[in-house]
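In what follows, a single structure is set out as structure tokens and then discussed.
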Amino acid sequence: MRYWRLILGLSLFSLALWVIFGEQLAGASADAVVNAEVVIVRAPISGSLSVKQVPLGAILVKGDGVGSVSNPIADTIRQNDLVMEASVAEANVAHFIASIDDLNRRIGVTKQHITDFKAAQLVELSMELDHAKTRLMRIEAAGTSNDVAAEIATEPGNVAPGGQNLPSIAQDIAQERVDLLTNQIAAVENDVREPNGQGAFSYFQQHLDTLQSMIDDQTEGLAEAKARLVSVKARLMAEQLRTAKESSQDIRSPVNGPVWERLASDGEAVQRGDDLLRVADCDSAIVTLSVTENVYNRLQIGLAARFRFQDSSKVYDAAIIRLGGAGAVTLYRNLAVSPSQKHLERFDVALVVPDLRNVPELRCLIGRTGRVFFDQRPFDWLRNWVR
């Protein structure tokens with residue numbers, strides 16, 4: 001019985017030593033803190049700063065306005081030049097349109113003149129044709145009478161023939177006159193011009209062609225003027241946008257997170273690129289920590305880990321995303337929480353903990369401390385059961 005007690009005591013003592021050494025010597029961080037990237041909001045233009053009353057720590061949503069910068073002396077010379085150029089281009093377009101309208105009006109008047117002249121000419125030629133047909137009928141009715149033929153042949157518009165064949169010649173002349181007038185009427189009805197451009201009808205037609213040619217030239221000029229106007233207006237719009245940006249621009253938060261630091265005051269004169277505000281990006285929350293060299297040399301990127309807040313038993317899954325080594329002070333230039341001197345004397349590690357980004361009640365807990373474990377510990381089964 002005594003031996004059994006001794007064996008049981010030694011077993012319990014060994015188990016206690018295993019638990020103590022397993023819990024204490026497991027790979028763990030000396031310190032761990034919830035950290036996040038800090039984004040610097042800079043002045044987009046030079047001018048006077050107007051900042052809203054946004055207190056430190058106020059949670060901003062991406063796109064929230066936090067102020068504006070105004071520049072009352074922005075350069076508008078180029079914009080004014082383009083406004084004048086656009087006015088000239090618009091006047092040029094209006095000139096071509098008015099010229100084309102006037103030419104169309106003149107073409108309408110000329111066409112009316114042609115119509116009126118054609119109608120009057122047809123009336124005149126029809127009257128002459130009627131008389132010519134009457135004379136031809138009289139000659140044909142007179143037969144071989146020289147007296148009647150001579151009388152008809154010597155009427156106005158006819159050529160006086162002579163000789164024994166007076167009746168035959170007079171009939172030919174009368175027939176020729178009928179055929180000529182019939183042909184002239186057909187030519188007028190079909191808008192056939194006179195040879196060599198002679199006559200009023202040809203003049204009107206030439207004038208109409210000239211006006212149409214002028215309209216073609218003016219139409220080409222109008223197309224060029226419109227294209228130039230479109231180009232000038234496009235350049236003017238771009239210049240107006242540039243001037244508007246140079247005159248006043250809003251300042252908006254580029255990330256979701258708290259106001260971490262204010263670097264400029266309301267009413268202050270700032271230059272383009274000056275730092276105005278620092279905002280912590282809650283969407284980039286990580287856990288930064290330091291470990292001993294022995295633990296550090298066993299780690300690698302992507303290795304699973306567990307994070308636990310101080311004074312809390314709940315454990316969160318994590319993964320290593322950076323092994324910064326010793327003296328990693330430069331790695332914290334864009335992070336919200338700077339490392340302590342003790343941290344820098346050890347080896348830097350960074351973890352991503354998905355729950356710190358995705359769980360609403362855990363978001364933006366920047367500065368909260370805890371511990372990180374990399375190895376299995378004896379009581380992990382109990383911790384998992386409690387979870």
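Observations on the structure shown:
- Of the residues making up the range 233-252, those that are in a helix (DSSP H, G or I) and not aliphatic (A, V, I, L, M) are Lys233, Arg235, Glu239, Gln240, Arg242, Thr243, Lys245, Glu246, Ser247.
- With respect to the stated conditions, Ser312 is surrounded by fewer than 13 Cβ atoms within 10 Å (Cβ to Cβ) and either hydroxyl-bearing (Ser, Thr, Tyr) or part of a strand (DSSP E or B) (or both).
- Qualifying residue in the range 91-104 (condition: part of a loop (DSSP other than H, G, I, E, B) and acidic (Asp, Glu)): no
- Flag if Glu293 is open to solvent by 80 Å² or more (accessible area, probe 1.4 Å), free of Cβ contacts under 8 Å to residues at least 60 places away in the same chain, closer than 30 Å to Arg306 by Cα and not aromatic (Phe, Trp, Tyr): yes
- Boolean, Arg333 is of a type outside the set (Val, Ile, Thr), surrounded by fewer than 17 Cβ atoms within 10 Å (Cβ to Cβ) and within 34 Å of the chain's Cα centre (by Cα): no
- Count of residues meeting criterion [in a loop (DSSP other than H, G, I, E, B), of a type in the set (A, V, I, L, M, F, W, C), open to solvent by less than 80 Å² (accessible area, probe 1.4 Å) and closer than 16 Å to Pro258 by Cα] in the range 42-66: 2
- Selection count, the range 346-361, where residues are without any contact (Cβ under 8 Å) to a residue 24 or more places away in the chain and either over 40 Å from the mean Cα position of the chain (by Cα) or closer than 15 Å to Arg306 by Cβ (or both): 1
Matching residues to (1) of a type in the set (S, T, N, Q); (2) farther than 30 Å from Glu268 by Cα; (3) modelled with pLDDT of 90 or more:
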site: Gly67; (1), (2), (3): no, no, no
site: Ile73; (1), (2), (3): no, no, no
site: Ile77; (1), (2), (3): no, no, no
site: Asp81; (1), (2), (3): no, yes, no
site: Ser87; (1), (2), (3): yes, yes, yes
site: His95; (1), (2), (3): no, yes, yes
site: Ser99; (1), (2), (3): yes, yes, yes
site: Thr110; (1), (2), (3): yes, yes, no
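- Inter-residue pairs, beta-carbon under 8 Å, first over 12 Å from Leu49 (Cβ atoms) and among the acidic types (Asp, Glu) and in the range 258-282, second open to solvent by 60 Å² or more (accessible area, probe 1.4 Å) and in a loop (DSSP other than H, G, I, E, B), 6+ apart: Glu261/Leu56
- Residues of the range 276-298 that turn out to be in a loop (DSSP other than H, G, I, E, B), among the charged types (D, E, K, R) and over 30 Å from Ile40 (Cα atoms), as a count: 1
- Single match in Ile321, Ile215, Ile301 (criterion: open to solvent by 20 Å² or more (accessible area, probe 1.4 Å), touching a Leu at 6+ places or on another chain (Cβ under 7 Å) and outside any strand (DSSP E or B)): Ile301
- Condition check for Val255: assigned to a strand (DSSP E or B) and closer than 28 Å to Leu356 by Cα: no
- Residue that is farthest from Lys245 (Cα to Cα) [pool: residues in the range 51-93 that are free of Cβ contacts under 8 Å to residues at least 40 places away in the same chain and among the aliphatic types (A, V, I, L, M)]: Ala91
- Given (1) on the phi < 0 side of the Ramachandran plot; (2) modelled with pLDDT of 55 or more; (3) open to solvent by less than 70 Å² (accessible area, probe 1.4 Å), number of the condition Asp179 does not satisfy: (3)
- Screening the candidates Phe347, Phe374, Phe379 for the property of being farther than 30 Å from Leu60 by Cα and at pLDDT 90 or above yields one hit, Phe347.
The values are calculated or read from the model by the stated rules, or taken from the named source; none is laboratory data. Quick caveat: nothing in here was measured; it's all calculated off a predicted structure. Backbone-built Cβ (ideal geometry, glycine too); neighbour counts: all protein chains shown. Protein only, heavy atoms only, side chains kept; ligands, DNA and RNA dropped before computing areas. Shrake-Rupley method; radii C 1.70, N 1.55, O 1.52, S 1.80 Å.
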